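A short write-up of the structure that comes next.
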Amino acid sequence: MIDERFAEIAGVATGNGYSHAVTTSGRLAFVSGQVAMDTEGKVVGLDDLAAQTRQAMSNLGNVLQALGSDWTGVVKFTWFVTDVSDLQVLRDARDEFLRPALGDRPNPASSLIQVAGLFRPEYLVEVEAVVAL
């Protein structure tokens, strides 16, 4: 269970779309990176970051459901992207999943890492999560 999200901390610039820290009690799940792969192993949204982010988030949502959780249980995301210049596209697609679940509450803690490439060159984004159960 999530205890508190710290989006605003004195002496630290307010995060844009993430919390600086999240506290939790109870069990944690560490979810492997999810990409824009459909159930048949095919890439969804070739050269389309928004479509790939939506598919990765959809896959992550399915994992959350299997864990008996939902978006409100996500404590932290780690994002791997091949091009950070499209960050707003990623945020908008992410928020299509988070806003209905979180409402006005701050987003989870988050890290964003630009990488030279992912495990297949077609992928533009991968997201992993830590989840409070």
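How much mean residue ellipticity at 222 nm does the chain get from its helices, if each DSSP H run of length 4 or more adds -39500 (n - 2.57) and you divide by all residues, to the nearest 500 deg cm²/dmol?
Using -39500 (n - 2.57) per qualifying helix, the result is -8500 deg cm²/dmol.
Considering only I2, T14, A101, whose Cα is most displaced toward the positive end of the charge dipole of the chain, charges sitting on Cβ of Lys, Arg (+1) and Asp, Glu (-1)?
Sorting the options by dipole projection puts first I2.
Identify, among T39, G68, V127, the residue whose Cα sits farthest towards the positive end of the charge dipole of the chain, taking +1 on the Cβ of Lys and Arg and -1 on the Cβ of Asp and Glu, with the dipole about the Cα centre.
Farthest towards the positive end: G68.
Given R₀ = 25 Å, what would the calculated FRET efficiency be for D92 paired with E40, taking r from the Cβ atoms and rounding to 0.05?
The formula returns an efficiency of 0.40 here.
Can you tell me the 0 to 90 degree angle between the C-alpha axis of helix 87-102 and the longest principal axis of the chain, rounded to 10?
Rounded to the nearest ten degrees, it is 50.
Along the Cα-to-Cβ line of S85, 7 Å from the Cα, sits a label point; which residues in segment 23-56 have backbone N less than 18 Å from it?
Flagged as within label range: 47-50.
Between N16 and T78, what is the label-to-label distance in nm when each label sits 7 Å out along the Cα-to-Cβ direction?
2.4 nm
Most mobile of F77, F30, F119 per a Gaussian network model of the chain (Cα springs, under 10 Å)?
For the chain, modelled as a Gaussian network with Cα springs under 10 Å, the answer is F119.
Bear in mind that the values in this text are calculations on the coordinates, not laboratory data. This one's a predicted model, so the numbers in the text were calculated from it and none came from an experiment. For neighbour counting, all protein chains shown are included, and Cβ atoms are generated from backbone atoms with ideal geometry for every residue, glycine included.
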